[in-house]
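Novice: Got a structure here, written out as structure tokens. Questions coming.
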């Protein structure tokens, strides 16, 4: 089962390497990882998507707490969280299909962020299913390059 | 007045009560060694290989309960500490490893003798630091010592660039380490303790399973009180030996792969297993589904991550073992002997005692028993290397006190014993310190004999010499059809001559009748190390033996 884990850590050099290394060492695959500072610049938040059962999740949570720089760890089940991911997709484009690509981007409330003679780059933000849907529809034009931020998530309503 | 980072470091160490450090100089730590040259308050012991420094600091920590400190230069000096740091990490030993680093402007440039030691040691430390600004030095050292010795102890590396040693600060040492993200939970939850007390009062076949955590939390007297108050038989892991007296009638000795048969039978049959500062290591549990299959399990540990890591636990109690046991002892009702259970265990003890055949050559078990008879009643610390020497000593030496048995458990580091014995002897100068070694492992840090000779340490090294890498040979005999692939060490050097060349006293013993006199002789030598090369029966095995992957009651007894 896939889990989204929020890890609040001290914003210090090397923390990312400690956290990422811990996942690898204990045998948990990281599917995506997004990290950045929070409202408090001395604190960073990592959003990690990883695969594992409940027992795995419990063990990785405890192991994360053992890192001296870890302040808080919590699981974010989809029903209790707002989740977003941002992707940039560069698709092959020409005069004929530019219109169609723009329409697809509009449907997904995406933005055209770059247009060139042979390509268009679209920015799409949303949860996993939306982003996947857009990617699927754009595939037929030929995806030249794609980059994703990895999922970020926050608990719904008041924290805790 | 401003002082240098190197001077500040020594002030910090003195503030932490450090009396001795084990180290080896090199380029980037020159500023620190220059300050050590004048230093009176801290003794620096020059080892002959940095691995020896780490193991010596570790042995010192295990013998005394204090934090051990080792010191090495950057690059190869630091990487040579790695095995010693990992050894301390696996056995939760409080240690500070100070490494020199290239000056900050040279960091990340593949400079001469540069190694990313904080990166390298992440998986084997409780925490590590690279000090980039001399102003942070006192705070970091304070934090490092606090982290190393609190909660579940462990090693902490402090990496210090050369220009931090030479930088200047106005020195003041903080009274307290304030780390908002590190607050070990030491007090057990009262509700969980009450639940445990209830389970104990209802159990008909209880067993206590005691690990190294009971020793690091100095909880031996509490272990004994609980065992005696409720008449609970006690088995120990290799790391837990000495936490409960091995000669006590409730002692079952060691359990697991080379545990006593009666200990393994008791665990397999018990209805309540009380794990105290133990971590259900695979060498203890064997095949997990068949480990204590009939038992409810209470698990007391200061590290929450150990709870449920390897086995399911019915009543977890996170807290310092000593604190938790104290409260548990108050809450449990005293119990008479569980007559049927104790009788059953007595029967197992009679039927399947630890035993060996006294004939067919010189037997290692006999040497260990003879030595124990000789030092009975004297303060003594027994150290081992890793392999058969370690298991025979763990089985046949009856440890009655904590911190009298020093051995690399989790990592199983050959070459640990000799430098650890040195460290233990520095920590306990009046104790008789003996290292039971093998002819393989003794050569892995043999250079540390120099450290012992130079410091007139009267450590005893008893090599149980079978001209084999014995434990591996045993596995080859029992599991790999006697294919003795690369385990024959018959072309070893003459260890007596080697020891004498280093300046130690040494002799060889080949017959059982000479054992007593040789051991007595070793005790008369007080101004230098002694090595006795005991030529033991070549293919003597360690039994019982639970083949890997088997249940612990499915052992080969002889």
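The values are calculated or read from the model by the stated rules, or taken from the named source; none is laboratory data. Computed from a predicted model, the values in this text were never measured in an experiment. Using ideal geometry, Cβ is built from the backbone for each residue, glycine included, and neighbour counts are taken over all protein chains shown.
Novice: From A:48, A:37, A:5, A:30, which residue is touching a strand residue (DSSP E or B) at 6+ places or on another chain (Cβ under 8 Å), more than 14 Å from every other protein chain (Cβ to nearest Cβ), closer than 25 Å to residue B:128 by Cα and at pLDDT below 95?
Specialist: Being touching a strand residue (DSSP E or B) at 6+ places or on another chain (Cβ under 8 Å), more than 14 Å from every other protein chain (Cβ to nearest Cβ), closer than 25 Å to residue B:128 by Cα and at pLDDT below 95 holds for just one of A:48, A:37, A:5, A:30, which is A:30.
Novice: Please enumerate the residues belonging to segment A:51-70 that are facing another protein chain (nearest Cβ under 7 Å), out of contact with any strand residue (DSSP E or B) (no Cβ under 8 Å at 6 or more places or on another chain) and over 19 Å from residue B:301 (Cα atoms).
Specialist: Passing the criteria: none in range.
Novice: Next question, about the same structure. Just to check your reading of the model, which residue among A:106, A:127 is closer than 30 Å to residue A:22 by Cβ and either surrounded by fewer than 13 Cβ atoms within 10 Å (Cβ to Cβ) or modelled with pLDDT under 95 (or both)?
Specialist: On inspection, the qualifying residue turns out to be A:127.
Novice: Residue B:104 is checked against (1) away from chain A (no Cβ under 13 Å); (2) touching a residue at least 60 places away in the same chain (Cβ under 8 Å) and fails just one. What number does that condition carry?
Specialist: (1)
Novice: Since residue A:19 meets every condition but one in (1) buried (at least 18 other Cβ atoms within 10 Å of the Cβ); (2) away from every other protein chain (no Cβ under 12 Å); (3) modelled with pLDDT of 95 or more, which condition does it not meet?
Specialist: If we test residue A:19 against (1) buried (at least 18 other Cβ atoms within 10 Å of the Cβ); (2) away from every other protein chain (no Cβ under 12 Å); (3) modelled with pLDDT of 95 or more, just (2) comes out false.
Novice: I'd like to verify a number: residues in segment B:375-393 that are crowded, with 21+ Cβ neighbours inside 10 Å and either on the phi > 0 side of the Ramachandran plot or out of contact with any helix residue (DSSP H, G or I) (no Cβ under 9 Å at 6 or more places or on another chain) (or both), how many?
Specialist: Qualifying residue count for the region: 1.
Novice: Here's another thing I want to ask about it. Do we find that residue B:273 is surrounded by fewer than 23 Cβ atoms within 10 Å (Cβ to Cβ), away from every other protein chain (no Cβ under 14 Å), under 24 Å from residue B:216 (Cα atoms) and touching a helix residue (DSSP H, G or I) at 6+ places or on another chain (Cβ under 8 Å) in this structure?
Specialist: no
Novice: Next up: Counting only residues that are within 11 Å of chain A (Cβ to nearest Cβ) and surrounded by 24 or more Cβ atoms within 10 Å (Cβ to Cβ), give me the strands (runs of 3 or more DSSP E) lying completely in segment B:125-194 with at least 1 of them.
Specialist: Per the criteria, B:127-130, B:155-161.
Novice: Being surrounded by fewer than 17 Cβ atoms within 10 Å (Cβ to Cβ) and modelled with pLDDT of 95 or more narrows it down to one residue among B:533, B:527; which is it?
Specialist: So the residue among B:533, B:527 that is surrounded by fewer than 17 Cβ atoms within 10 Å (Cβ to Cβ) and modelled with pLDDT of 95 or more is B:527.
Novice: Working only within segment B:89-101, note down all residues that are in contact with a helix residue (DSSP H, G or I) (Cβ under 7 Å, 6 or more places away or on another chain), away from every other protein chain (no Cβ under 14 Å) and either surrounded by fewer than 22 Cβ atoms within 10 Å (Cβ to Cβ) or under 30 Å from residue B:211 (Cα atoms) (or both).
Specialist: Across segment B:89-101, the qualifying residues are B:91, B:93, B:94, B:95, B:96, B:97.
Novice: Does segment A:29-61 hold any residues that are surrounded by fewer than 18 Cβ atoms within 10 Å (Cβ to Cβ) and touching a helix residue (DSSP H, G or I) at 6+ places or on another chain (Cβ under 7 Å), and which are they?
Specialist: Answer for segment A:29-61, where residues must be surrounded by fewer than 18 Cβ atoms within 10 Å (Cβ to Cβ) and touching a helix residue (DSSP H, G or I) at 6+ places or on another chain (Cβ under 7 Å): just A:30.
Novice: With over 28 Å from residue B:392 (Cβ atoms) and touching a strand residue (DSSP E or B) at 6+ places or on another chain (Cβ under 8 Å) as the only criterion, which of B:272, B:354, B:362 stands out?
Specialist: Matching residue, one of B:272, B:354, B:362: B:272.
Novice: Pick from segment B:317-326 the residues that are in contact with a helix residue (DSSP H, G or I) (Cβ under 7 Å, 6 or more places away or on another chain) and crowded, with 20+ Cβ neighbours inside 10 Å: which of them is nearest to the other protein chains (Cβ to nearest Cβ)?
Specialist: Within segment B:317-326, the match that is nearest to the other protein chains (Cβ to nearest Cβ) is B:318.
Yes or no, residue by residue, for (1) out of contact with any helix residue (DSSP H, G or I) (no Cβ under 6 Å at 6 or more places or on another chain); (2) touching a residue at least 60 places away in the same chain (Cβ under 8 Å):
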site: B:110; (1), (2): yes, no
site: B:148; (1), (2): yes, yes
site: B:171; (1), (2): no, yes
site: B:204; (1), (2): yes, yes
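Novice: If you check B:78, B:72, B:54, B:86, which single one turns out to be under 19 Å from residue B:383 (Cβ atoms), surrounded by 24 or more Cβ atoms within 10 Å (Cβ to Cβ) and either assigned by TED's automatic domain parsing to the domain that holds residue B:147 or under 21 Å from the mean Cα position of the chain (by Cα) (or both)?
Specialist: Exactly one residue qualifies, and that residue is B:54.
Novice: Follow-up question, since we're still on this one. Give segment B:38-73 a look and list any residue that's touching a residue at least 60 places away in the same chain (Cβ under 8 Å), more than 24 Å from residue B:211 (Cβ to Cβ) and in a loop (DSSP other than H, G, I, E, B), or say none.
Specialist: Once the filter is applied, which keeps residues that are touching a residue at least 60 places away in the same chain (Cβ under 8 Å), more than 24 Å from residue B:211 (Cβ to Cβ) and in a loop (DSSP other than H, G, I, E, B), segment B:38-73 yields B:47, B:48, B:49.
Novice: Has segment B:459-482 got any residue that is closer than 27 Å to residue B:352 by Cα, under 25 Å from the mean Cα position of the chain (by Cα) and part of a loop (DSSP other than H, G, I, E, B)?
Specialist: There is at least one residue in segment B:459-482 that is closer than 27 Å to residue B:352 by Cα, under 25 Å from the mean Cα position of the chain (by Cα) and part of a loop (DSSP other than H, G, I, E, B).
Novice: Would you pick out the residues in segment B:204-214 that are under 32 Å from the mean Cα position of the chain (by Cα) and not in a strand (DSSP E or B)?
Specialist: B:205, B:211, B:212, B:213, B:214
Novice: Going by what's in this entry, would residue B:37 be described as at pLDDT 95 or above, in contact with a helix residue (DSSP H, G or I) (Cβ under 6 Å, 6 or more places away or on another chain) and either surrounded by fewer than 19 Cβ atoms within 10 Å (Cβ to Cβ) or within 14 Å of chain A (Cβ to nearest Cβ) (or both)?
Specialist: Answer is no for this residue.
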